[in-house]
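The values are calculated or read from the model by the stated rules, or taken from the named source; none is laboratory data. This is a predicted model, so every value here is computed, not measured. With ideal geometry, Cβ positions are generated from the backbone for all residues, glycine too; neighbour counts draw on all protein chains shown.
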Amino acid sequence: MTGLPLQDRTIGAILARKAATVGDRPFLLFAGTRWTYADAHEVTNRFAEGFRRRGIGRGDHVALLLDNRPELLWAIWGLGKLGAVAVPLNTAARGDALAYLLAQSDSVLVCAEDGYRDRVDQVRAEAPLVRKVLGPGDLAAFTGLPADDPAGMSGVRHGDPHLIMYTSGTTGPSKGVVAPHSQGHAVGSRLAAVSGYRPDDVLYTCLPLFHANALYYTVYAALWADASVALGTRFSARRFWDEVRDTGATVFNALGAMANILFQQPESPRDRDHRVRMAMTVPTSPELAATFADRFGIGATTSVFAMTENCAVTILGPDDPRDRAGSAGRVREDMEVEIVDDERRPLPLGEIGEICIRPRERGSVMLGYYKMPEATVAATTDLWFHTGDRGRLDAQGYLVFADRKKEAIRRRGENISAFEVETVLCRHPAVVEAAAVPVPSELGEDEVMAYLVPAEGAEIDFAELIGFCAEHMAYYMVPRYLDVIDVLPKTPSEKIEKYKLMVGARERLAELWDREKAGVAVVRS
């Protein structure tokens, strides 16, 4: 199904076709229950009817604050069939961040876990468009409704907005990436084809469906391969291989530090006791890719260069030479990649510069940032999307990622906005200014380090400040390292010179206050 006509690249048309052609095949496995492709089409019709009865129609935005569960996927697709827009939110969002997401997205309805209901209620006043909050029980009741195709499904177009997925900002608040219906087709079909996914494959993910990795690289890729999805709830190194074995998984994605965490576990006689034939590791090094595959008996490791705005721009497939492991693979046939210098001039092969991309085919990338036209224009200068990441292309067309030009911090698979961390820190009465920077993590990727300028006459209690942060930001955003500084270094235009702070932090990392060494725990909730 990689060659679907453009007009058929909507989730309603795709699921209807799947139900008609491979309806009896297993599609989703969760907590011991299976749904076929026909079931997926039917239940999403029921969800569409449920949302319609709640007053949701074409163009309405619905926020989804839900853990990994089938209902999250059914809601996304049911809303898509209505022509409504799903807004899956990070379940760690709370306080100011949650209020911002609900208000900025113009959500009129929220579906939230019972355990997150209080968070939503606390910020309802700051999201005036929200009319109603539904819980899991309300969504479960949708399954008893009629399963006819929604009346407006045929009117949904491939270029219509389907999702708003938030990605962390670097010099401002998080941006809502508006994805059209056809983007799922573009990503899933090409990833499945290059990776060689088969109908007998079981793609396992424990990554959250509110992020593009799990939704596009597992769910949509499986959809296009006529394969099955095994959905876990969250990553646990202790449970990971048991879940892989129990579900019969043949493919999984290891995002961020996951592969390194799994590799650091004590060796076990059961390390190779599984059916996995392929694992995607993003990002990775050549050394880890090879040793990970050898230890766990996995036939191939794959990778991508990706971001929410564009998704899997390059793909390293199982048939690529092993000496290319650690690269992000070749550019997709429906994409172009150019490497440019700081003056936006193209660089020769092999030279490191900013990675810029543009689609060759309509509907392959985002429509823009929601209600942020300036940010959209800034990112798409000269008809190229400027990623803010640096890398190089070699003579064979493989992309090698170098580093991040932008200030976003990436910790254990989550992109963190330094701006949002700093905003919370500066709300504390003892802090007048703050700068958050990435420092190396022993697990790979980054840890969050914050420089703090104390308010006049104030003394900063680091442990108390961590508690304050835990109340006002997601657990993964809470800084690990803290340091007090009299004055932040700045340019003549008053921009903080973060590169100086990063260099200083890395040189003094062992001397910095470390909440883990201090025994100050941050509870994951």
Note to self: I'd like the full set of residues that are of a type in the set (G, A, S), under 26 Å from G196 (Cβ atoms) and under 23 Å from the mean Cα position of the chain (by Cα), limited to the range 232-250.
What the structure shows: G232, A249
Checklist line | Selection count, the range 90-137, where residues are part of a helix (DSSP H, G or I), aliphatic (A, V, I, L, M) and touching a residue at least 24 places away in the same chain (Cβ under 8 Å) | finding: 8
Next item on the list: Go through the range 132-155 and give me each residue that's touching a helix residue (DSSP H, G or I) at 6+ places or on another chain (Cβ under 6 Å), of a type in the set (A, V, I, L, M, F, W, C) and at pLDDT 95 or above.
Entry: V133, L139, F142, L145, A147
Notebook entry, point to check: So how many residues does the range 319-342 have that are under 15 Å from L383 (Cα atoms) and without any contact (Cβ under 8 Å) to a residue 60 or more places away in the chain?
Noted result: 5
Next item on the list: Those residues that are surrounded by 19 or more Cβ atoms within 10 Å (Cβ to Cβ) and either of a type in the set (S, T, Y) or modelled with pLDDT of 90 or more (or both), I need them from the range 279-292; list them, please.
Entry: A279, M280, T281, T284, F292
Next item on the list: Filter the range 294-325 for residues that are closer than 30 Å to V178 by Cα, of a type outside the set (S, T, Y) and not in a strand (DSSP E or B) and give the result.
Entry: A306, M307, E309, N310, C311, A312, V313, G317
Check: Within the range 463-479, is even one residue touching a strand residue (DSSP E or B) at 6+ places or on another chain (Cβ under 6 Å), buried (at least 16 other Cβ atoms within 10 Å of the Cβ) and more than 23 Å from A99 (Cα to Cα)?
Finding: no
Note to self: Going residue by residue through the range 486-494, is there one that turns out to be over 28 Å from the mean Cα position of the chain (by Cα), closer than 30 Å to L98 by Cβ and surrounded by 14 or more Cβ atoms within 10 Å (Cβ to Cβ)?
What the structure shows: yes
Margin query: Out of the residues in the range 326-337 meeting the condition of being in a strand (DSSP E or B) and charged (D, E, K, R), tell me which one is surrounded by the fewest Cβ atoms within 10 Å (Cβ to Cβ).
Written below: E336
Next item on the list: Check the range 437-447 and report whether any residue there is assigned to a helix (DSSP H, G or I), among the hydroxyl-bearing types (S, T, Y) and surrounded by 12 or more Cβ atoms within 10 Å (Cβ to Cβ).
Entry: no
Next item on the list: Please note which strands (runs of 3 or more DSSP E) are completely contained in the range 15-89 and include at least 1 residues that are in the same structural domain as A141 (by TED's automatic domain parsing), in contact (Cβ under 8 Å) with a residue 40 or more places away in the chain and surrounded by 24 or more Cβ atoms within 10 Å (Cβ to Cβ).
Entry: 26-30, 61-65, 85-88
